[in-house]
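Data block below; observations after.
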Amino acid sequence: MTFINLIVKIPFIILLISLFIGLFNIKRLDKLHKAILLYLMVMLLIDIISKVLKLYGNNHIVLLIYSLVELLLITFFYYKYMLINKSKLLSNLSLVGACYIFYEIVNYIVSETNVKSFQPYSKVVDNFIIILLAFSYFLESINKTKNNHWKYFKLNAVILIFFTLNTIIFLPFNFLINESTGVKFYFWSANILMISIFYIYLTFLIIQNSKRISNTA
C-alpha cells in the first residue's frame with residue numbers, strides 16, 4: 001500500500017470508527033447528536049459508493065451527489081436544531097442551490113462530461129450556502145442574550161472554518177485535475193486532513209453527549 005493510498009483511506013477509517021461509537025451509544029444521544037451521527041453515516045455510505053464506482057472508472061458524479069446530500073442534510077440540521085429565526089431567504093437559497101446541483105447531476109449524466117473539463121461548481125455552491133447558514137447562526141447568537149443560544153457556538157465555528165477552507169481548495173479544482181507538477185498532491189492531502197479532523201471532532205461531540213446523558217440519567 002502506497003503512502004497516497006493510505007492517506008485516502010483515513011477518512012473512511014474514521015467514519016467506520018465513528019459509526020461504531022455512535023451506534024453503540026445511540027440510546028444515550030439527544031436528537032441533535034443523532035442527526036450528527038446520521039450525517040456521518042451518510043458520508044460513509046457515499047464514500048463506499050465512490051470507492052465502488054472508482055473500480056469501474058470515473059467516480060466524479062459522486063462529488064455532485066455528495067454536494068446535494070450534504071447541502072440538504074446540513075440545511076435541515078440548522079433549521080431543525082440551531083437556528084431560531086427560520087429565514088425564508090436562506091431556505092429559498094438552499095432550495096435554489098439544491099435544484100442547481102440536481103441540474104448538474106442530470107447534465108453530467110446526459111452530456112457525459114469529460115474528466116478534464118469537469119468543474120465542481122456544485123461543491124462550491126454547497127459550501128457557500130452552508131457558510132451563510134453558519135454566519136446566520138453567529139448573527140443570531142450575537143443578538144440573543146440567552147446563554148443557551150451559545151450552546152452550539154463551537155460546533156458552528158468548526159463548520160464555518162471547515163467549509164470555508166474546503167471552498168478554497170475546490171475553487172481551483174479544474175486546474176488541479178490537469179496539473180502535472182505534483183502540487184495537487186498537497187492540496188488533496190490538506191483536504192483529506194481537514195475532512196479527517198472534521199469527522200474526528202463530530203465523533204468527539206457524540207462521545208461527549210453520550211457521557212453527559214449517562215451522567216444525568
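The values are calculated or read from the model by the stated rules, or taken from the named source; none is laboratory data. None of the values given here were measured: they were computed from a predicted structure. Reconstructed Cβ throughout: ideal geometry from the backbone, glycine too, with neighbour counts over all protein chains shown. In case anyone asks, the SASA skips ligands and DNA or RNA and just uses the protein heavy atoms, side chains included. Shrake-Rupley method; radii C 1.70, N 1.55, O 1.52, S 1.80 Å.
Scanning the range 16-34 for residues that are of a type outside the set (S, T, N, Q), open to solvent by less than 40 Å² (accessible area, probe 1.4 Å) and in contact with a Phe, Trp or Tyr (Cβ under 8 Å, 6 or more places away or on another chain) returns a single hit, 32.
Taken over the range 141-168, the residue count meeting the criterion of being open to solvent by 100 Å² or more (accessible area, probe 1.4 Å), modelled with pLDDT under 85 and of a type in the set (D, E, K, R) is 2.
Pairs are defined by a Cβ separation below 7 Å, a sequence spacing of at least 6 or placement on different chains, a first member in the range 77-90 that is closer than 10 Å to residue 137 by Cβ and free of Cβ contacts under 8 Å to residues at least 60 places away in the same chain, and a second member that is open to solvent by less than 40 Å² (accessible area, probe 1.4 Å) and aliphatic (A, V, I, L, M); the pairs so defined are 78/133. Of 189, 214, 210, 196, all but one fail to be open to solvent by less than 70 Å² (accessible area, probe 1.4 Å), in a helix (DSSP H, G or I), at pLDDT below 70 and over 25 Å from residue 95 (Cα atoms); the exception is 214.
Here are 137, 121: which of them is among the hydroxyl-bearing types (Ser, Thr, Tyr), farther than 30 Å from residue 32 by Cβ and either at pLDDT 85 or above or surrounded by 15 or more Cβ atoms within 10 Å (Cβ to Cβ) (or both)?
121
Selection of the range 35-61 for residues being closer than 16 Å to residue 199 by Cα and open to solvent by less than 70 Å² (accessible area, probe 1.4 Å) yields 35, 36, 37, 39, 40, 42, 43, 44, 46, 47.
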